[in-house]
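The values are calculated or read from the model by the stated rules, or taken from the named source; none is laboratory data. Everything numeric here is computed off the predicted structure, so don't read it as measured data. Cβ atoms come from the backbone with ideal geometry, glycine included; neighbour counts cover every protein chain shown. Ligands, DNA and RNA are excluded from the accessible area calculation, which covers all protein heavy atoms including side chains. Shrake-Rupley method; radii C 1.70, N 1.55, O 1.52, S 1.80 Å.
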Amino acid sequence: MAPSATNTKTVPIHLLCGSDEDAVKKAAVALAAKLAPDDAMNFETIDGRALTVDEAISSIGKVREAILTLPFFGGGKLVWWKAVNFLDESGVGRLSSVKEGLESFQPDLDKVDGTSVTLLISATGVHKGRAFSKVLLKLAQAKYFDLPDLRKTSEDEIIFQIERRMKEAGLRPGPGAAERFFQATGIDTAAWTQELEKLSLFAGGEGNVEITEREVNRIISGSREVLIWDFCHAVLSGEAKLALAQLSALLAQDESEVGILILLAGQVRLAALAGVLRENGMLKLSRGSFTSATVSPQGEAYLPRKKSGEPISTYSLGQAAQRSQHRPAKFWFLALAVIYRAQREMLTGESDKRRALEFVVLEIVAG
């Protein structure tokens, strides 16, 4: 929701909220700077973070006192209720005593006029069905910042968002760069901000500098997510030395052998499915700034389904297909049998877990 054309200083209450905490924080800092009165004594910040009922009630009391206390020397006052985490049904926000405390605060919202006092609220979320929230949303100019929902947004669209963020940071993503960035950070936009700052420093802070997949890997590699991706991809690609190196790195981080095997099984299942679809003309791979897979309408009938009944995203399928296409589908079904045998041996104690996992990798890679 875009801000209205009205001068922001005439709006009595500003509400910035959503699951994208990093975006909420950045927007709130920018708006607070814009609304800040000339006299720093007329700018008051109230911490809205609460882990207990007492902390929530105390925070409500402090913001009430702040908006009811007019500046001693006159002029407008800005109160920033910062990082409020109990306006929804998470944490202490679901408790009746906190809800009652908020409802008792409702009448005081009418006293915020945007001239003598302005209230800025930044929050992690707002439950729109609550009595307090209904009153707040009627009085406030609200703007929402939510993380991408993988149930509604495909991985491809998220990668496009990362590419846009990179360009805004003065970086020109080369082939595979945004995709690698996504594999390392997921949808954690706070991590996006931190890692983009690191990449910008690496690039020298100059505009429109190309950043390659290898450079992204060099700067932000090493996380658990990256190692798991690399390990599974190395196995599918048939790179024995790299796969064993990544496996050693995962085990050095105390990853479970059984857990690693389960993750590998998921990728091998995708490779087998991709092989069947490819061999029957139902799957097509295309390579732009990242690899994407197009599945025909007939092929979609074979895709696993989400709880909603919709087929899974083809992003992971495309990743597995790209790396496993040097082998026929039959090979990957046999690889699954190898994995299931090893899993049974691990769970029954018939073999050393690490050695069993290493033999799985070598047997699949050697083929």
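Report those helices (runs of 4 or more DSSP H) wholly inside segment 170-266 carrying at least 2 residues which are more than 21 Å from the chain's Cα centre (by Cα).
189-203, 213-220, 224-237, 240-252
Considering only segment 33-54, how many residues are assigned to a helix (DSSP H, G or I), in contact (Cβ under 8 Å) with a residue 40 or more places away in the chain and farther than 21 Å from G74 by Cβ?
Number of matching residues: 1.
Output yes when any residue across segment 7-24 is over 20 Å from K143 (Cβ atoms), in contact (Cβ under 8 Å) with a residue 24 or more places away in the chain and either touching a strand residue (DSSP E or B) at 6+ places or on another chain (Cβ under 8 Å) or of a type in the set (V, I, T) (or both), and no when none is.
In the first step, residues of segment 7-24 are kept if they are over 20 Å from K143 (Cβ atoms); the result is none.
Checked against the condition, which is being over 20 Å from K143 (Cβ atoms), in contact (Cβ under 8 Å) with a residue 24 or more places away in the chain and either touching a strand residue (DSSP E or B) at 6+ places or on another chain (Cβ under 8 Å) or of a type in the set (V, I, T) (or both), segment 7-24 yields no hits at all.
From the residues in segment 20-62 that are open to solvent by less than 30 Å² (accessible area, probe 1.4 Å) and among the β-branched types (V, I, T), which one is nearest to S97 (Cα to Cα)?
Checking each candidate, the answer is I60.
With respect to the numbered conditions (1) touching a helix residue (DSSP H, G or I) at 6+ places or on another chain (Cβ under 9 Å); (2) part of a helix (DSSP H, G or I); (3) free of Cβ contacts under 8 Å to residues at least 12 places away in the same chain, which one is the sole condition not fulfilled by K128?
Here K128 clears every test but (2).
I'd like to check something: does segment 170-190 contain any residue that is touching a strand residue (DSSP E or B) at 6+ places or on another chain (Cβ under 7 Å), in contact (Cβ under 8 Å) with a residue 40 or more places away in the chain, under 30 Å from E310 (Cα atoms) and buried (at least 19 other Cβ atoms within 10 Å of the Cβ)?
Yes: one or more hits.
Applying the selection to segment 200-255, what residues are in contact with a strand residue (DSSP E or B) (Cβ under 6 Å, 6 or more places away or on another chain), open to solvent by less than 30 Å² (accessible area, probe 1.4 Å) and either farther than 20 Å from Q183 by Cα or modelled with pLDDT under 90 (or both)?
Correct list: A203 only.
Condition check: out of contact with any strand residue (DSSP E or B) (no Cβ under 7 Å at 6 or more places or on another chain) and either basic (K, R) or surrounded by 12 or more Cβ atoms within 10 Å (Cβ to Cβ) (or both). Does S292 satisfy that?
Numbers: out of contact with any strand residue (DSSP E or B) (no Cβ under 7 Å at 6 or more places or on another chain): no; either basic (K, R) or surrounded by 12 or more Cβ atoms within 10 Å (Cβ to Cβ) (or both): yes.
It is false that S292 is out of contact with any strand residue (DSSP E or B) (no Cβ under 7 Å at 6 or more places or on another chain) and either basic (K, R) or surrounded by 12 or more Cβ atoms within 10 Å (Cβ to Cβ) (or both).
Which members of segment 63-80 meet the condition of being within 21 Å of L15 (Cβ to Cβ) and either exposed (fewer than 15 other Cβ atoms within 10 Å of the Cβ) or in contact with an Asp or Glu (Cβ under 8 Å, 6 or more places away or on another chain) (or both)? Spell out the reasoning first.
Going residue by residue through segment 63-80, those that are within 21 Å of L15 (Cβ to Cβ) are 63-68, 76-80.
Within segment 63-80, R64, E65, A66, I67, L68, K77, L78, V79, W80 meet the criteria.
Looking at R165, R180, R151, which is the one that is at pLDDT below 90 and farther than 21 Å from E210 by Cα?
Checking each option against the conditions leaves just R151.
Which of the residues that make up segment 64-105 are touching a Lys or Arg at 6+ places or on another chain (Cβ under 6 Å) and either part of a helix (DSSP H, G or I) or on the phi > 0 side of the Ramachandran plot (or both)?
A83, F105, listed by residue number.
If you go through segment 297-319 one residue at a time, how many are open to solvent by less than 30 Å² (accessible area, probe 1.4 Å) and either within 21 Å of I162 (Cβ to Cβ) or in a loop (DSSP other than H, G, I, E, B) (or both)?
Selection size over segment 297-319: 5.
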